[in-house]
Amino acid sequence: MDVIQVEQIRKTFGARDALSDVSFSVPKGEIFGFLGPSGAGKTTLIKLLTAQLHPTRGQAFVLGKPAAMMQQSEQKMRFGILTDNSGLYERLTIRENLELYRQLYDLPASTIERALQFVNLNGDHKKKVQLLSKGMRQRVLLACAMIHEPELLFLDEPTSALDPVNAAHIYKGLRYLNENGTTIFLTTHNMAEAELLCHRVAILYQGQIQALDTPKALKKQHRDPVIRVDLINGDMHELPIDERSADQIAEWMKRGCIDSLATKEPSLGDIFIKMTGSELL
């Protein structure tokens with residue numbers, strides 16, 4: 001079953017196409033990464049899928065319903081969202097903000113403790129939001145988005161303000177949610193994050209999807225057809241992948257000359273830069 005189905009979506013602002021004929025699907029249980037430079041249309045697509053915007057052309061279905069229905073109360077209960085326009089009540093504490101969401105979704109009191117644990121804020125729940133750092137605010141927003149353990153979670157740059165320790169804690173929580181049935185739609189500039197979390201990724205550039213596959217498959221498609229051989233004496237050789245190279249490598253191995261062997265496989269970041277011409281932020 002596809003949780004998200006996008007069919008030839010186009011979104012125009014004035015004379016500019018933010019999205020142009022974008023099509024893809026996300027099956028249930030997948031963590032799907034939507035990657036692209038700033039201004040590529042990633043946030044616009046999330047807003048289309050959650051009915052904050054409407055497409056100029058094309059159609060999308062979310063959780064088996066037309067995307068335009070996602071602002072209905074019964075549909076809002078089924079997904080969570082964290083975007084750049086998500087907000088918190090500044091004068092309330094972290095716990096009080098979460099309590100509002102708990103009541104909105106009619107959840108048991110225990111869900112607050114679980115949400116605090118998810119974002120590693122157990123010891124800070126009495127702090128007022130107006131006193132929080134950007135990273136802590138991001139973690140509270142994420143706790144609000146997932147407190148009801150939704151069927152579908154939209155995350156727009158969820159760890160952009162987090163240090164590595166808290167980012168790793170969030171990754172663990174996202175995997176837990178995913179393993180328990182939540183489909184996750186993730187945008188990020190962090191290619192290591194995408195490679196670590198996502199089953200598949202799409203690379204968006206100039207409003208169009210340039211590539212869509214698993215990180216492993218994309219790296220295989222774009223790797224150089226050579227083997228790098230580092231010898232114990234410090235020499236390095238790059239050999240084509242063929243029978244002659246195999247014979248040479250076998251000879252070095254017999255003589256105990258090889259320190260390491262590796263294919264010249266690009267990182268996901270290398271592929272992103274190659275396809276978009278954009279440096280990673």
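Observations on the model:
- Residue 132 falls short on exactly one of the conditions (1) open to solvent by 20 Å² or more (accessible area, probe 1.4 Å); (2) modelled with pLDDT of 90 or more; (3) over 17 Å from the mean Cα position of the chain (by Cα), and that condition is (1).
- Single residue of 217, 246 found to be open to solvent by 40 Å² or more (accessible area, probe 1.4 Å) and either assigned to a helix (DSSP H, G or I) or among the charged types (D, E, K, R) (or both): 246
- Unmet requirement for residue 97, which otherwise passes all of (1) modelled with pLDDT of 95 or more; (2) touching a strand residue (DSSP E or B) at 6+ places or on another chain (Cβ under 8 Å); (3) farther than 26 Å from residue 9 by Cα: (2)
- Long-range neighbours under 6 Å by Cβ, at least six apart or interchain, first residue under 30 Å from residue 41 (Cα atoms) and free of Cβ contacts under 8 Å to residues at least 60 places away in the same chain within the range 83-96, second open to solvent by 50 Å² or more (accessible area, probe 1.4 Å) and not in a loop (DSSP other than H, G, I, E, B): 90/130
- For the range 39-60, the set of residues classified as assigned to a strand (DSSP E or B) and surrounded by 19 or more Cβ atoms within 10 Å (Cβ to Cβ) consists of 60 only.
- A count restricted to the range 157-174 and to residues that are open to solvent by 10 Å² or more (accessible area, probe 1.4 Å) and touching a strand residue (DSSP E or B) at 6+ places or on another chain (Cβ under 8 Å) stands at 1.
- Of the residues making up the range 70-77, at least one is among the hydrophobic types (A, V, I, L, M, F, W, C), modelled with pLDDT under 95 and surrounded by fewer than 17 Cβ atoms within 10 Å (Cβ to Cβ).
The values are calculated or read from the model by the stated rules, or taken from the named source; none is laboratory data. Everything quoted here is computed from the prediction, not taken from an experiment. Counting neighbours? That spans all protein chains shown, and the Cβs are built from the backbone with ideal geometry, glycine included. Just so you know, the surface numbers come from the protein's heavy atoms only, side chains and all, with ligands and any DNA or RNA stripped out. Shrake-Rupley method; radii C 1.70, N 1.55, O 1.52, S 1.80 Å.
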